[in-house]
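Working notes, beginning with the structure itself.
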Amino acid sequence: MNIEIREEKKALSAEEIAQIIPHRYPFALVDRIIDHEPGVWAVGRKCVSMDEPFFQGHFPGKPIMPGVLIIEALAQTGAVAALALPENRGKIALFGGIKNARFKKPVTPGDVLELRCEMVRCKGPVGVAEAEALVDGVVVTKAEITFSII
């Protein structure tokens, strides 16, 4: 992955993210975009709290963030990059596929996920992104995400 966070970051607050992607509580899984290059890449942050609704059942007494929600957080980060382009404003990015997903370590309350998503191929409304989630600089999840913009 060739993402380098710049000194003069293009950060986005939760309110600014909500102007780009349609996700809302409880399914908005990106708290902040640390930096991004529209149409190319984005780096986001998700602060994992014990108050997350999914921890009620996953798992009582041993809270672990579901892997599918980590993938969703990565996809939302990529959607910010894709939909931040002026020509894509007001559109929605849908999953087209997930390949080579790997879950290397559990994510638990108190962790801060760094979400990295880089577009590697785009043809018309369909694209492919490489994505990885890190906690304290260690990769916890990796995947290739295919998406379609409608």
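Observations on the model:
- Residues considered: Ala81, Ala28, Ala73. Of these, the only one that is out of contact with any Leu (no Cβ under 6 Å at 6 or more places or on another chain) and crowded, with 17+ Cβ neighbours inside 10 Å is Ala81.
- Top-ranked residue of the stretch 37-62 - restricted to ones that are within 15 Å of Ala73 (Cβ to Cβ) and within 14 Å of the chain's Cα centre (by Cα), ranked as surrounded by the fewest Cβ atoms within 10 Å (Cβ to Cβ): Cys47
- Residue-level analysis places Glu37 among those that are at pLDDT 95 or above, over 19 Å from Leu113 (Cβ atoms) and out of contact with any Pro (no Cβ under 6 Å at 6 or more places or on another chain).
- Strands (runs of 3 or more DSSP E) fully within the stretch 84-150 that include at least 1 residues being in contact with a Cys (Cβ under 7 Å, 6 or more places away or on another chain) and open to solvent by less than 60 Å² (accessible area, probe 1.4 Å): 126-135.
The values are calculated or read from the model by the stated rules, or taken from the named source; none is laboratory data. Just so we're clear, the structure is a prediction, and the values are computed from it rather than from any experiment. With ideal geometry, Cβ positions are generated from the backbone for all residues, glycine too; neighbour counts draw on all protein chains shown. In case anyone asks, the SASA skips ligands and DNA or RNA and just uses the protein heavy atoms, side chains included. Shrake-Rupley method; radii C 1.70, N 1.55, O 1.52, S 1.80 Å.
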